[in-house]
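Note sheet for the following structure.
The values are calculated or read from the model by the stated rules, or taken from the named source; none is laboratory data. Remember, it's a predicted structure, so these values are computed and weren't measured experimentally. When we count neighbours, we look across all protein chains shown, and the Cβ atoms used for this are built from the backbone with ideal geometry, even at glycine. Note: areas computed on protein heavy atoms with side chains; ligands, DNA, RNA excluded. Shrake-Rupley method; radii C 1.70, N 1.55, O 1.52, S 1.80 Å.
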Amino acid sequence: MSTMQMTNAKVHHHDFVVQATPVKRLCKTHNSITVNGMYPGPTLEVNNGDTLVVKVVNKARYNVTIHWHGVRQMRTGWADGPEFVTQCPIRPGASYTYRFTIQGQEGTLWWHAHSSWLRATVYGALIIRPREGDSYPFPKPKRETPLLLGEWWDANPIDVVRQATRTGAAPNVSDAYTINGQPGDLYNCSSKDTIIVPIDSGETNLLRVVNSGLNQQLFLKIANHKLTVVGADASYVKPFTTSVLMLGPGQTTDVLITADQPPSRYYIAARAYASAQGAPFDNTTTTAILEYKSANCQTTCASIKPVRAIMPAFNDTATATAFTTSFRSPRKVEVPTKIDHNLFFTVGLGLMNCPRGSRSRNCQGPNGTRFAASMNNVSFVLPSNFSLLQAHQQGIPGVFTTDFPGAPPVKFDYTGNVSRTLRQPVKSTKLYKLKYGETVQIVLQGTSIFTAENHPIHLHGYDFYIVAEGFGNFNPSRDTSKFNLVDPPLRNTASVPVGGWAVIRFVADNPGVWLMHCHLDVHITWGLAMAFIVENGVGGLQTLELPPADLPVC
């Protein structure tokens, strides 16, 4: 059987040309960075077991890399894509070919630029269907529609982040959210391009929802319709029914929708879940339209105003929590129980004092400071002369140290009133070393050093089990009893609750250097990241492949 499956596996070749393209949104045209002139970029469709070979040619004026978000990249860390972590960026005029195989993953993933804020417009869906001859664990849907939720700036996103980096202040928020690149008919100059999702009365369709936004968790609803969640982050889940989804940036959710309402048009709407108190956010709503295609609707429905979706309040943490805690694996899973590394990482925002001799215009954060973010009080600094993976694989000294702390240097009331003395993180490039096959538990503890908020934490190269989440400070004597070690969900991005914690577990079975970071891009810009080194195991199947000949140089 397995040899037959191997022979059915295909190799898919794609060319990605990264280039500036005129894109008109909100009445104005911007020269946006796109792939193959498309915004969003092309959807890639493969089967479990297939190999992707994607040649990326950079014709833009910025450095670029592409990250295949959620792909396990077993032994192919060189293809993972985060800039200065697994590769140096692809310079303007240069190219690089990503080669990797999808192994044991089915569902929806996505790809995006992993260089500065290019992923505002450089992203697309990656759809992984079952191996040929296998089927979905639910009745085959009549249609499948990817819904990529994004954020649009009526400006050049690179200029937005550069201004924030210069001033030390928070970046300007986006001007619109989008569904498949379109803001929808609640925005100026947008109604005629609103995305239409067709459905026939009585049929059940699969919607593949991705939050490709840069800095915002999003609620999604479809007016008057229930959604059955069947997958997340390219893993199947125990099906559950909900009227609202909440996705952090980076997360994907597969849902079944049945056309069981009177034939008409219904809004698909997404708006912010903004958990940081008092922080500015884009308070607009993006829409698409679910349109029934039955005979009695064909002629009349086009002129009907869509039924409105009643959205949760932007700060409705109860709804967000009810959703995130509903996920379970479809059956009993093998969760690591003997733990080799029991880690405790605080995650959150802090402030850096204005450096000596700096001008006040460079310190426009609260009270003349600069924003910073950290894990365990370390604000992560990317190298610039080598990638971390090159430095590790070639033994280049002075690029990083391996003393990332396994616990916060100072214990404090993480989610309470925090002393100002704890606000200053230390800038450095510290990694944490794991031997091949070791088991890891991480308590991801949110902090309220500056403000508490929900953090979508993404680990490259791995899926992990989310065994528990909760509010306040994690207390091992009280909270360990809440761990789900039977059927926890398998994810690649965990939403750490606002003013709370999440606990994840995984086995370090993929050698390489793997970034773990907050997927709010403003937070990774400020240093909310760290990386694991996973050493080679024994033999070829436990060893990182050699770097490809065309790996970009810094």
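Here is the P(r) of region 418-554: all C-alpha pair distances, binned every 5 Å from 0, give 2, 9, 16, 19, 19, 16, 10, 5, 3, 1, 0 in whole percents. Can you give me the orientation-averaged projected area of the convex hull built on the Cα atoms of region 279-426, in nm²? Result: 18.8 nm².
Using a Debye calculation, one point per C-alpha and no hydration shell, please list log10 I(q)/I(0) for the chain at q = 0.09 Å⁻¹ in order. Log-scaled intensity ratios, in q order: -0.64.
Among the trypsin sites (Lys or Arg not before Pro) within region 27-61, those in coil by DSSP and having at most 15 neighbouring Cβ atoms inside 10 Å are K59, R61. Cα centroids of region 328-358 and region 1-73: 30 Å apart.
Heavy-atom accessible surface of region 158-290, averaged per residue, reaches 31 Å², computed with a 1.4 Å probe. Between the alpha-carbon centres of region 435-460 and region 77-141 there is a gap of 23 Å. Applying 0.36 nm per residue to the separation of K482 and K305 and subtracting their alpha-carbon distance, the gain on full extension is 59.1 nm.
Normalised by the number of residues in the chain, the mean separation of alpha-carbon contacts (under 8 Å, six or more apart) gives a relative contact order of 15 percent.
How much of the accessible area of the chain, probe 1.4 Å, is carbon plus sulfur, in whole percent? Mind showing how you got there, number by number?
On the way: 10970 of 21510 Å².
Answer for the chain is 51 percent, counting heavy atoms of protein chains only.
Take the Cα coordinates of region 75-132, assign each an equal point scatterer, and use the Debye formula without solvent to give log10 I(q)/I(0) at q = 0.14, 0.16, 0.19 Å⁻¹. Relative scattering, expressed as log10 I(q)/I(0), comes to -0.48, -0.62, -0.84.
With both residues required to sit in the chain, DSSP beta bridges show an antiparallel share near 70%.
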